Amino acid sequence: MTRSRIHVLILLLAIGFASGCTRDSSDRTALATEPVLHVGRGDRAGDRAAVDAVFAGNERSIMAAPSLVPPGAPLAPFIEARLYAIVNIAMHDALNGIEPRYARYADHARIDRRASAAAAVLTAAHDAIVAAAPGSAAATDAWYTDAIAAHAGDDGFERGIAIGRRAAAAIIARRATDGVAAGGIAPYVPGTNPGDYRFTFPFDTPGFDFFGTGGFADASNWAATVTPFVIRSAAQFRAPPPYGAASNAAAVATREYTADFVEVKALGCAGCSARSAEQTEIALFWMENSPTGWNRVARAIAAQRRLDAAEAARLFALLQIGEFDAYTASLDSKYHYDFWRPVSAVALAANDGNAETSPADGWQVLAFPTPPAPDYPSAHATAGGSAAAIIEAVVRGHEGSFAVSSGSLPGVVRHFSSVAAAARENADSRIFIGYHFRHATDVGLVQGRAVGRYIAARALRPLDHERKD
């Protein structure tokens, strides 16, 4: 992580930053107290142990994520997704280095069918976490010591450890030069025309003016410097221009924009009386970082559908690959179009060239502050769309109804008929919280689904499918 990103995060902490890049300790507490799940389809003790190891390694990566930033500071979701992708890929590759059912991602060394699957998975998770989140090493070492001791008598125990170490080393080596260390932070100069992104408060204050441009925009250089996991480039799924217009100023003059402006102005502010109690709940429920929230959804579905160890590991790995690549695709589009956020649009409506919009003094989002990046498309919606598409593909349309909790609204459980319904609500939540126009959420959802379908069709595929191609 760069010094500049750490500096930013410390400053965000100092002002009580609570946006779409937040982490809630209640989420980690919930995971820590979650019972061990014996959800595998097999009846053998080894099968159950492997499933439990996959869930435990997945959980440990969530617990380790806060160590990526200074204590208490907000964690950018695209940084978080990288850790989860690395850890879950390591577990996936370890399992398929013992019983090859799906194509491996990074480790392509010799298969060892006599290795202990549980030992391999736990070791892969441990080594990947310690390498990708070294600040969590002490806690992760302690967890691993206890977890691996339970399998010391397993057949192939030492072989399993060797497989796990190899799988973790392979993915760490592959991502060593992926550009994430630079943090994606660079000077950014906002536009001055109607619709052009403006720095939003408090990121337009001197304390955030690191480059002499008047403020701070996060990850403005991310798409140009970071290597995705599966998609060919950050621009591969670039969204069309906002509202189909030739410029941001022209976009602001469209009827669709006018409708979106009226909607978010009425529903997205801290004191909006038009927003219902359920819409407020939806806004806060989905506020947490998408890699964590959708990981919880995937865990719930994996347990409910009794996925075995290989199926669960593949689902978790594909999900987080999709989260990382979805954020990368969204950031490319955001900084290609530089469309302004609702908080800027409402403040500057008197001079936006649209006679149907009007300003509102003191208008501010439900959960302050607005994340410091352009509006279009919504990265949160993109991440949700990718997650939904991947879950649908992996579980083959049989994900069914499910219930899930939230780290950003503890104690509340919401029920969904499908992951598609959850992804739609996740997208809508960004209107109710005031962060995005509806067009940004609609296009983000479409963009995310395209990313997710692409990844599910090309990564970690069943090996019988590989042989047919």
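As a calculated quantity, the FRET efficiency between residue 393 and residue 360 at R0 = 51 Å, using C-beta atoms, amounts to about 0.75. Under 5 Å from the amide H of residue 339 lie the amide H atoms of 197, 375, 376, each residue being 5 or more positions distant or on a separate chain, with H modelled from the backbone and absent for Pro and chain starts. Across the chain, Cα pairs under 8 Å and at least six residues apart give a relative contact order of 20 percent.
Each peptide in 201-211, 300-310 was scored by the mean count of other Cβ atoms within 10 Å over its residues; highest first, the order is 300-310, 201-211.
A simple spin-label model places the labels of residue 415 and residue 177 5.3 nm from each other, with each point 7 Å out along Cα-to-Cβ. The mean sequence distance of close C-alpha pairs (under 8 Å, at least 6 residues apart), as a share of the length of segment 119-278, puts its relative contact order at 17 percent. The packing ranking of peptides 311-324, 400-413, 337-350, highest mean first, is 311-324, 337-350, 400-413, where packing means the average number of other beta carbon atoms within 10 angstrom of each residue. Labels on offer are (1) 57, 32, 18; (2) 39, 22, 20; (3) 44, 34, 23, and the one holding semi-axes √(5λ) of the Cα gyration tensor in Å computed from this structure is (2). Legend: residues 91, 287, 63, sorted from most to least accessible area (1.4 Å probe; ligands, DNA and RNA excluded), read 63, 287, 91. For residue 110 and residue 336, a Förster radius of 41 Å and the Cβ-Cβ distance give a FRET efficiency of 0.40, rounded to the nearest 0.05. For segment 136-149, 3J(HN,Hα) computed residue by residue from phi via the Karplus equation (6.51, -1.76, 1.60; θ = phi - 60°) reads 9, 4, 4, 5, 5, 4, 5, 4, 5, 4, 5, 5, 6, 4 Hz, glycine and proline entered as x.
From the alpha carbon centroid of segment 56-103 to that of segment 192-241 is 26 Å.
What a 1.4 Å probe finds exposed on the chain is 54% carbon and sulfur by accessible area, rounded to a whole percent. Give the angle, between 0 and 90 degrees and rounded to the nearest 10, that separates the Cα long axis of helix 290-304 from the longest principal axis of the Cα atoms of the chain. Tilt relative to the chain: about 40 degrees. Annotation: per residue accessible area for segment 337-458 equals 31 Å², rounded to a whole number [probe 1.4 Å, protein chains only].
Quote the relative contact order of segment 113-166 in percent (integer), defining contacts as alpha-carbon pairs under 8 Å separated by 6+ residues. In percent, rounded to a whole number, it is 64. Computed from phi, the 3J(HN,Hα) profile of segment 104-114 under the Karplus parametrisation 6.51, -1.76, 1.60 (θ = phi - 60°) reads 7, 8, 10, 8, 10, 6, 4, 6, 10, 6, 8 Hz, with x in place of Gly and Pro. Centre-to-centre separation between the Cα atoms of segment 425-439 and those of segment 333-355: 16 Å.
Per-residue Karplus couplings for segment 150-157, computed as 6.51 cos²θ - 1.76 cosθ + 1.60 with θ equal to phi - 60°, are listed in order as 5, 10, 4, x, 5, 5, x, 4 Hz, Gly and Pro entered as x. Among 186-193, 361-368, sorting by the average number of other beta carbon atoms lying within 10 angstrom of each residue, highest first, gives 361-368, 186-193. Summarising the amide proton neighbourhood of residue 102: residues at separation of 5 or more, or on other chains, whose placed amide H is nearer than 5 Å comprise 463. With a simple spin-label model that places each label point 7 Å from the Cα along the Cα-to-Cβ direction, the separation between residue 211 and residue 262 comes to 3.8 nm.
The values are calculated or read from the model by the stated rules, or taken from the named source; none is laboratory data. The shown structure was predicted, so the numbers you read here are calculated from the model rather than taken from an experiment. Neighbour counts run over all protein chains shown; Cβ positions are idealised from the backbone, glycine included. Keep in mind that these areas ignore ligands, DNA and RNA; they rest on the heavy atoms of the full protein, side chains included. Shrake-Rupley method; radii C 1.70, N 1.55, O 1.52, S 1.80 Å.
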